[in-house]
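No lab work stands behind these numbers, since they all come straight from the coordinates. The structure presented is a predicted model; accordingly, all values stated were derived computationally and were not measured. No Cβ is skipped: glycine too gets one built from the backbone with ideal geometry, and neighbour counts run over all protein chains shown.
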Amino acid sequence: MPLLSIVRHGQSVWNLDNRFTGEVDVDLSPLGREEAREAGRKLSGIPFSRCFTSVLKRAEETLTLILEQIGHPELPVTRNKALNERNYGELQGLNKAEMAKKYGEEQVAIWRRSYAVRPPGGESLEDTDARVIPYYRTAIEPFLKQGENILIAAHGNSLRSLMMVLENISEEAIEEVNIPTGSPRLYTFDALLQVEKVEYL
């Protein structure tokens with residue numbers, strides 16, 4: 001049965017600074033690189049066929065480090081902006097704690113976690129879902145149907161969108177879901193491509 005692993009990129013320099021990152025193309029922190037290597041150690045031994053990532057370098061580098069760690073840097077990699085982090089609009093680059101003081105913790109939590117509410121000038125999770133899921137259906141799922149094992153390195157919100165479909169998570173429940181950096185999730189599918197098992201490595 002095919003396997004799919006999704007991994008949020010390792011800690012970025014703006015994660016470290018507690019800033020809204022969104023589509024700003026920032027680097028991994030030293031800890032983020034080690035998280036990526038550790039993800040690779042956890043995924044070692046799984047015979048992946050191909051990989052997908054965003055066009056943002058924190059996800060690309062995470063994937064590169066994972067592939068080096070598992071000893072298969074030659075695996076084919078497809079990069080696509082459909083897997084990019086959601087755009088946080090006017091919040092990008094700003095400190096989350098400072099924004100909570102300015103707008104209130106409840107409002108910032110709504111901007112960060114709700115499904116349909118957009119931050120000023122940015123994307124909601126619903127908007128992110130509208131690009132992630134069609135891409136998954138057309139570009140990734142066909143390989144799973146062929147029995148291939150797939151690895152995706154992407155971002156907190158693009159992966160939350162995908163989790164809603166894979167794990168049948170509701171719009172309300174997804175507000176409580178936070179994906180830690182560098183921690184692989186492993187899905188095992190049955191013959192009808194229904195999720196049979198979810199493991200947190």
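Things to note:
- Hits in the range 143-194 (condition: more than 17 Å from the chain's Cα centre (by Cα) and aromatic (Phe, Trp, Tyr)): PHE143, PHE189
- Looking across the range 106-144 at every residue that is polar (S, T, N, Q) and without any contact (Cβ under 8 Å) to a residue 12 or more places away in the chain, the one that is surrounded by the fewest Cβ atoms within 10 Å (Cβ to Cβ) is identified as THR138.
- Selection count, the range 80-95, where residues are surrounded by fewer than 17 Cβ atoms within 10 Å (Cβ to Cβ) and of a type in the set (Lys, Arg): 1
- Screening ALA100, ALA153 for residues that are small (Gly, Ala, Ser) and either part of a loop (DSSP other than H, G, I, E, B) or surrounded by fewer than 19 Cβ atoms within 10 Å (Cβ to Cβ) (or both) leaves exactly one candidate, ALA100.
- Members of the range 35-57 found to be of a type outside the set (A, V, I, L, M) and touching a residue at least 60 places away in the same chain (Cβ under 8 Å), listed by number: GLU35, GLU38, LYS42, PRO47, PHE48, SER49, ARG50, CYS51, PHE52, THR53, SER54
- Residue match in the range 75-84 (condition: in contact with a Gly (Cβ under 8 Å, 6 or more places away or on another chain) and among the charged types (D, E, K, R)): no
- Exclusive hit being assigned to a loop (DSSP other than H, G, I, E, B), under 25 Å from TYR200 (Cα atoms), in contact with a Gly (Cβ under 7 Å, 6 or more places away or on another chain) and small (Gly, Ala, Ser), set GLY45, GLY10: GLY10
- Yes/no for LYS81 being without any contact (Cβ under 8 Å) to a residue 12 or more places away in the chain and out of contact with any strand residue (DSSP E or B) (no Cβ under 9 Å at 6 or more places or on another chain): no
- Screening the candidates LEU63, LEU4, LEU31, LEU75 for the property of being in contact with a Cys (Cβ under 9 Å, 6 or more places away or on another chain) and either buried (at least 20 other Cβ atoms within 10 Å of the Cβ) or in a helix (DSSP H, G or I) (or both) yields one hit, LEU63.
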